[in-house]
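Inspection log for the structure reproduced underneath, given as structure tokens.
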Amino acid sequence: MLKSSSLKQPNQSTERRLVLGGYATNLKPEIRKAILALGYVFVVTWVTSLTMVVVHDRVPSMEKFPPLPDLFLDNIPHIPYAFEMCEITGTILFCLFLGVLFFHKHRFILIRRFFALSGTVFLLRCVTMLITSLSVPGAHLKCNPRPYGDWFQRLYYAYLIWKGAGMSIQGVRTCGDYMFSGHTVALTMLNFFVTEYTTRRMYYLHTLSWLLNMFGIFFILAAHEHYSIDVFIAFYITSRLFLYYHTLANNQALMQRDSKRTKVWFPLFSYFESEVNGIVPNQYEWPITIERLQYWILNGVHILESKWKDLVPNPNEGFLRTKFFVKPAASSGKKDD
């Protein structure tokens, strides 16, 4: 039977191969950074929702400004259910990503990077949506400016968009948020994370992920919800930002050679990746093990025992002194008279 210490020590030959391959060997979960990234994307999604409310109020009139000429939209008929199909493909990709997170050994690094990249792209999308208002791409869309009155009403509608994640299957309908496509950003980001953090041997999974990404983009265009340029720019920005981020994170020499400039221009990246010294290896584990369950139970018992001592005048008697929680005091070897 293997000892617990032998299970925790990594294989030396495996560790040597990782070092020679440029992989990081001493990765910490850094849960605090993952929570900070979650807060970052939370704020960005709220800003995005509020921006979508503002641009809807500024959408050009469909009578004065007809749809712009588009090479794809002008030659593909409108498919009414296509946008819902796009969101279904996105939901499937999201489930695949959750599966990768569940089994990946360095899941907190993945979560941190996903939130940081997604938040940055959607923050950039807020700027592009706000500075230029494109005409409505499809004649079937009923888009008219709807003045929201005071800011309390705007915040309420922003909350509805945020709660529904901007998805039409959740009852969210918006106009004016065309440059660039948020659905394409989500599809592409999920696809890249699934293919990056699974081994190359999972060929069929990678093929499925890319097919879902491409079909999702096709459904967006077939629904005439976005111009082709919206989708193209969304795919390009998302893919380039993902690749640039991982290129810098995987090659610390690039970041250390000009660390001051990196901290100025990429403060979020510089902070999040400060403890990563190489490529994150695709290692997998079952997240719920017997050792972890024992650790959680013992911690819970310790907390209960500490609280019991504070609340009960005689903590040496009672439920927590039973064999289920606290071991009895060692016998001194003397018998009672």
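Structure data summary
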quantity	calculated
Test for ILE279: is it in contact with a helix residue (DSSP H, G or I) (Cβ under 6 Å, 6 or more places away or on another chain), surrounded by fewer than 16 Cβ atoms within 10 Å (Cβ to Cβ) and of a type in the set (A, V, I, L, M)	yes
Selected residue [among the polar types (S, T, N, Q), in a helix (DSSP H, G or I) and surrounded by fewer than 16 Cβ atoms within 10 Å (Cβ to Cβ)] from THR247, THR195, THR199	THR247
Qualifying residue in the range 76-92 (condition: within 27 Å of TYR156 (Cβ to Cβ) and open to solvent by 40 Å² or more (accessible area, probe 1.4 Å))	yes
Tally, over the range 53-93, of residues that are among the acidic types (Asp, Glu), in contact (Cβ under 8 Å) with a residue 60 or more places away in the chain and either closer than 30 Å to ASP150 by Cα or part of a loop (DSSP other than H, G, I, E, B) (or both)	2
Single residue of VAL41, VAL53 found to be under 22 Å from VAL280 (Cβ atoms), among the β-branched types (Val, Ile, Thr), open to solvent by less than 30 Å² (accessible area, probe 1.4 Å) and at pLDDT 85 or above	VAL41
Considering residues of the range 102-124 that are part of a helix (DSSP H, G or I) and farther than 14 Å from MET189 by Cα only, the residue least open to solvent (accessible area, probe 1.4 Å)	ILE109
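The values are calculated or read from the model by the stated rules, or taken from the named source; none is laboratory data. Keep in mind it's a predicted model, so treat the numbers as computed, not measured. Glycine also receives a Cβ, built like all others from the backbone with ideal geometry; neighbour counts cover every protein chain displayed. Calculation scope for accessible area: heavy atoms of the full protein, side chains included, ligands and nucleic acids excluded. Shrake-Rupley method; radii C 1.70, N 1.55, O 1.52, S 1.80 Å.
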